[in-house]
Amino acid sequence: MKFKKILIFSYTLAISLSSYLHSQTIVPAGLGQMSVTQPSRGNAVLTGQLLQTGGQNPTVKIRWGDEDRGTAVTPSTSWDNEVIISTNQAAGSFSYTITIPDLDKTYYFRAIASSSGGTVVSRSLGVLVPSAPVGVANLQGRWNFDGENAKDSSGAGRHGTAKKLFSPSEVSSMKLWLDASDSTTISHSSNAVSQWSDKSGNANHATQSISASKPTYSSTNQKITFDGNDILKVSNDPFNGLQEPATIAVVKWNALSTWGNVITSYHGEGSNGWQLRQKGANEMLSYTIRGTGGGGDPNTSSTPDLTNAKFIVSAYRKDNVRYINFNGAQILNLADSGSIGYSGSNRSAIGGKFQSDSFGSQRGYLNGNLHEVVVANEIPASDIQKIEGYLAHKWNLTDSLPGNHPYKVFKSFQPKVFTNSIGSNSATATATLLETGGADTIFEIFYGTADKGVTVIGWDSNSSLPDAQN
């Protein structure tokens, strides 16, 4: 009898586990940045990132050739090459080494991931500009700025420094990153959104299973619209307990809603949590924080238009001060000592607030659009400004930033620079400017017998490159 009971128990467990596994929803995988290195003259390593599997390890391929064929799963003109990396790819990096067909050509590459949840092509485009061979006996230095460094590959040791365009993924304390421009992160049926996937790597996805509470996705306008009755639950309750919560978002209110239009929140009433919302019946932003010395709903120094067009809002608490920036300009600076009070669980929300546990008693609905949302904790003001600059250039809002904003004119992507002709007392420098960063660029080469770092002071000489602004 004992032997029989053990068999029955094991069988029941296997059936339950199998039913559980088969009940999981499979969604399309999420692909990240593409990058390239060239370890030798004739070879290059193409690398991609699988950010999330979507619930099933996908088949991952890399497509490459001397023309970009875009993000279509089935392009009208096929890529020159397509190679299978893995038929069971786990989240993380993957790569493939190619033999470069022609060192005088530029090559492009993207990743494609397929599973039962669907097929996606990476929005990120990798670019390979092969390093041309240089065989000059008196070579003094050689630098390729297509990676994240400016190492001298000549052997002379004259290394420099390269900087890349900022991305929110560089914020170490990020809790949530939602991006409506990335269609691979949005699960919907007839545009009714059931999940907006988190790009922070924390899997804090924003979800909704109730049809009447689902916001609407527009792929054309790259936005998630909340109609005044919609709300998203944030998985894993990441806003619970934050003492220096920060929200940076691209938003548009479609109508005023008294004490509503909540963008992000953890409860935010009584002595519990916080919320970024509308103040009363006024067209005014309010960063409501409970339990601290700054009071619940302070007035901002100005009341900009919040319903006419999309805007960037940054609401954060740092070193006992509460701040709100509107399009990069500060409109609240308030002393705010003490600790934020917290109670309950599972009340982290997007587009409204939950006033009881397990995402219950929803209130404060947003009547508006969200394009991108970043939530972090203990983030310095310098990173707030970097994210504002990133969002402004991405969402066409640079004209809205104040003239003194450090990222109104953003730093461009690092170009590829190399010396391709060296004589006895001269050298020719060539650069490919991949991105202007939103404004015409004056490109200068600084050089000398000693590395002076990233400043423009102290170098022996400098020269401008013609046509670098195009």
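The values are calculated or read from the model by the stated rules, or taken from the named source; none is laboratory data. Being a predicted model, the structure only gives us computed values, none of them experimental. No Cβ is skipped: glycine too gets one built from the backbone with ideal geometry, and neighbour counts run over all protein chains shown.
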Do the conditions hold for Asn221, that is, is it of a type in the set (S, T, N, Q) and either on the phi > 0 side of the Ramachandran plot or buried (at least 24 other Cβ atoms within 10 Å of the Cβ) (or both)? no
Anything in segment 197-209 that is closer than 20 Å to Asn377 by Cβ and not in a loop (DSSP other than H, G, I, E, B)? List them, or say none. Ala206
Would you be able to tell me the number of residues in segment 271-290 that are farther than 19 Å from Thr247 by Cβ and touching a residue at least 40 places away in the same chain (Cβ under 8 Å)? 1
Where residues in segment 96-136 are modelled with pLDDT under 95 and basic (Lys, Arg), which of them is surrounded by the fewest Cβ atoms within 10 Å (Cβ to Cβ)? Lys105
Only one of Gly344, Gly296 is more than 29 Å from the chain's Cα centre (by Cα) and either at pLDDT below 95 or hydroxyl-bearing (Ser, Thr, Tyr) (or both). Can you tell me which? Gly296
Test Ser194 against the stated conditions and say whether it is hydroxyl-bearing (Ser, Thr, Tyr), surrounded by 15 or more Cβ atoms within 10 Å (Cβ to Cβ) and not in a strand (DSSP E or B). no
Is it true that Tyr342 is closer than 18 Å to Asn272 by Cα, among the aromatic types (Phe, Trp, Tyr) and part of a loop (DSSP other than H, G, I, E, B)? yes
Hits in segment 39-48 (condition: surrounded by fewer than 20 Cβ atoms within 10 Å (Cβ to Cβ), of a type outside the set (A, V, I, L, M, F, W, C) and either in contact with a strand residue (DSSP E or B) (Cβ under 8 Å, 6 or more places away or on another chain) or farther than 20 Å from Pro101 by Cβ (or both)): Pro39, Gly42, Asn43, Thr47
Those residues of segment 387-411 that are assigned to a helix (DSSP H, G or I), of a type in the set (D, E, K, R) and surrounded by fewer than 21 Cβ atoms within 10 Å (Cβ to Cβ) come to a total of 2
With the requirement that a residue be touching a Ser or Thr at 6+ places or on another chain (Cβ under 9 Å), crowded, with 18+ Cβ neighbours inside 10 Å and either free of Cβ contacts under 8 Å to residues at least 12 places away in the same chain or closer than 16 Å to Lys353 by Cβ (or both), what does segment 238-252 give you? Pro238, Phe239, Pro245, Thr247, Ala249
Across segment 291-319, the tally of residues that are touching a helix residue (DSSP H, G or I) at 6+ places or on another chain (Cβ under 8 Å) and either free of Cβ contacts under 8 Å to residues at least 60 places away in the same chain or of a type in the set (Ser, Thr, Tyr) (or both) stands at 2
The strands (runs of 3 or more DSSP E) lying entirely within segment 49-127 that contain at least 3 residues which are within 22 Å of the chain's Cα centre (by Cα) are 92-99, 107-115, 118-121
Report whether or not Gly273 is within 30 Å of Asp336 (Cβ to Cβ), small (Gly, Ala, Ser) and assigned to a loop (DSSP other than H, G, I, E, B). no
Go through segment 55-75 and give me each residue that's touching a Ser or Thr at 6+ places or on another chain (Cβ under 6 Å) and surrounded by 22 or more Cβ atoms within 10 Å (Cβ to Cβ). Pro58, Val60
